[in-house]
Amino acid sequence: MSTTTLRIGTRGSELATTQAGHVRDALIAAGYPAELVIIKTIGDQDRVSPVERLGVGVFTQALRDAMAEDRCDIAVHSFKDLPTVKAEGFTVVAVPPRVNPRDLLVSKNGSALQDLPEGAVVGTSAPRRVSQLRAQRPDLDIRPLRGNIDTRISKVTDGELDAVLLAHAGLERTGKLGASAETLDTDVMLPAPAQGALAVECRSADTDIVAALRTLDDPKSHYRAIAERTILAELQAGCTAPVAGYSEFGADGTDQADELTLTGGVFAMDGSRKLLETQSRPVRNADEARALGQSVAKQLLSGGAHDIMGDTLR
């Protein structure tokens, strides 16, 4: 058992501390004392501006700065929020078991998406969600939405909005799934790449901490996240671009447990066009996961992905 207490950097929101708390508890169970350290980010201080205006990686850079300054040893990120460019000196060592990556709807009277009244006011700021909502329901009045889970849900319960879109993972981890009216199928709302997955990161040079974090890694969750995020990287699109990715082992109906099916999608912001590509192949390591993502991205690019996304690329 280690006697050094590992300091886990996290944002101060309920969701962030809950996610980091799961990592802390898993480390303690594995024999590594650990504690949480709250780190402030620009995204926490500015709850009004859309995330894409604040900049890619707004929720992660402060945590990396804290590690670089030795204010914490480990950072726990929502993997979908990480920039795809590798940060020099840091390594994502572990992806714990992933939870449901789909999106869900919180609405007045528990109405499903297709049952919302014409012209219903729906809150979401994510370009990926906005573009797919417009394709499904062009009549909806879509409004920007920021804030923590409770703030977003309260917009519905207080009557300001008819519905909001949220990640299933966030409500699952904070015990608030009872607020959900509908979990959206992936053919209705394709999730963000690596949504529902956590990325546990540390300084690359801290070999003892790297070894400790490896005990938390779930390989299949890690491979799925790598495959999906490789699509983003190959398209040179930021985590706020209208790009989606979803993968599943065994989804092709075969009995091969290592067969990964990956779907990537890009969308026009007005909902007028989309491009989807699905491929399956055996994935038994990170390199094979990356190769699958590259193959899907290549087909999206050849199909005109950049033209469809237009000026949303960042």
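The values are calculated or read from the model by the stated rules, or taken from the named source; none is laboratory data. These figures come from a predicted structure and were not determined experimentally. Methodologically, a virtual Cβ is constructed for each residue, glycine included, from the backbone with ideal geometry; neighbour enumeration extends over all protein chains shown. SASA here: full protein model, heavy atoms, side chains in, ligands and nucleic acids out. Shrake-Rupley method; radii C 1.70, N 1.55, O 1.52, S 1.80 Å.
Tell me, which residue of region 58-73 that is touching a helix residue (DSSP H, G or I) at 6+ places or on another chain (Cβ under 9 Å) and either at pLDDT 95 or above or over 30 Å from R152 (Cα atoms) (or both) is surrounded by the fewest Cβ atoms within 10 Å (Cβ to Cβ)?
If we filter region 58-73 for residues that are touching a helix residue (DSSP H, G or I) at 6+ places or on another chain (Cβ under 9 Å), which is where we start, we get 58-62, 71-73.
Remaining after also requiring either at pLDDT 95 or above or over 30 Å from R152 (Cα atoms) (or both): 71-73.
Values: R71: 13, C72: 24, D73: 22.
Here the residue is R71.
Anything in region 201-216 that is assigned to a loop (DSSP other than H, G, I, E, B) and either in contact with a Gly (Cβ under 8 Å, 6 or more places away or on another chain) or open to solvent by 50 Å² or more (accessible area, probe 1.4 Å) (or both)? List them, or say none.
So in region 201-216, the residues assigned to a loop (DSSP other than H, G, I, E, B) come out as 204-206, 215-216.
Those that are assigned to a loop (DSSP other than H, G, I, E, B) and either in contact with a Gly (Cβ under 8 Å, 6 or more places away or on another chain) or open to solvent by 50 Å² or more (accessible area, probe 1.4 Å) (or both): S204, A205, T215.
Just the residues that are open to solvent by 40 Å² or more (accessible area, probe 1.4 Å), of a type outside the set (S, T, N, Q) and modelled with pLDDT under 95, please, taken from region 16-57.
K40, I42, D46, R47, V48, E52, R53, L54, V56
Given the conditions (1) closer than 30 Å to L27 by Cβ; (2) touching a strand residue (DSSP E or B) at 6+ places or on another chain (Cβ under 9 Å); (3) open to solvent by 10 Å² or more (accessible area, probe 1.4 Å), report the number of the one that E88 does not fulfil.
The failed condition is (2).
What are the residues in region 112-152 that are more than 18 Å from S78 (Cβ to Cβ) and aliphatic (A, V, I, L, M), if any?
To start, the set of residues in region 112-152 that are more than 18 Å from S78 (Cβ to Cβ) comprises 112-123, 130-144.
Matches in region 112-152: A112, L113, L116, A120, V121, V122, V130, L133, A135, L140, I142.
Collect the residues in region 225-250 that are among the hydroxyl-bearing types (S, T, Y) and within 12 Å of the chain's Cα centre (by Cα), keeping them in residue-number order.
First pass over region 225-250, keeping only residues among the hydroxyl-bearing types (S, T, Y): 230, 240, 246-247.
T240, Y246 - these are the residues of region 225-250 that are among the hydroxyl-bearing types (S, T, Y) and within 12 Å of the chain's Cα centre (by Cα).
Do any residues in region 283-296 that are within 17 Å of G250 (Cα to Cα) have Cβ atoms under 7 Å from those of residues that are part of a helix (DSSP H, G or I) and of a type in the set (S, T, Y), where the two are at least six apart or on different chains, and which pairs are they?
Between residues of region 283-296 that are within 17 Å of G250 (Cα to Cα) and residues that are part of a helix (DSSP H, G or I) and of a type in the set (S, T, Y), the close pairs are V283/Y223; A289/Y223; G293/T230.
In contact (Cβ under 8 Å) with a residue 40 or more places away in the chain, at positive phi, open to solvent by 10 Å² or more (accessible area, probe 1.4 Å) and not hydroxyl-bearing (S, T, Y): is that true of G175 in this structure?
Values: in contact (Cβ under 8 Å) with a residue 40 or more places away in the chain: no; at positive phi: yes; open to solvent by 10 Å² or more (accessible area, probe 1.4 Å): yes; not hydroxyl-bearing (S, T, Y): yes.
In short, no.
Scan region 130-142 and report the pairs whose first residue is farther than 12 Å from L113 by Cα and open to solvent by less than 60 Å² (accessible area, probe 1.4 Å) and whose second residue is at pLDDT below 95 and among the β-branched types (V, I, T), with Cβ atoms within less than 9 Å and a gap of 6+ or a chain change.
That search, which allows pairs on different chains as well, returns S131/T312.
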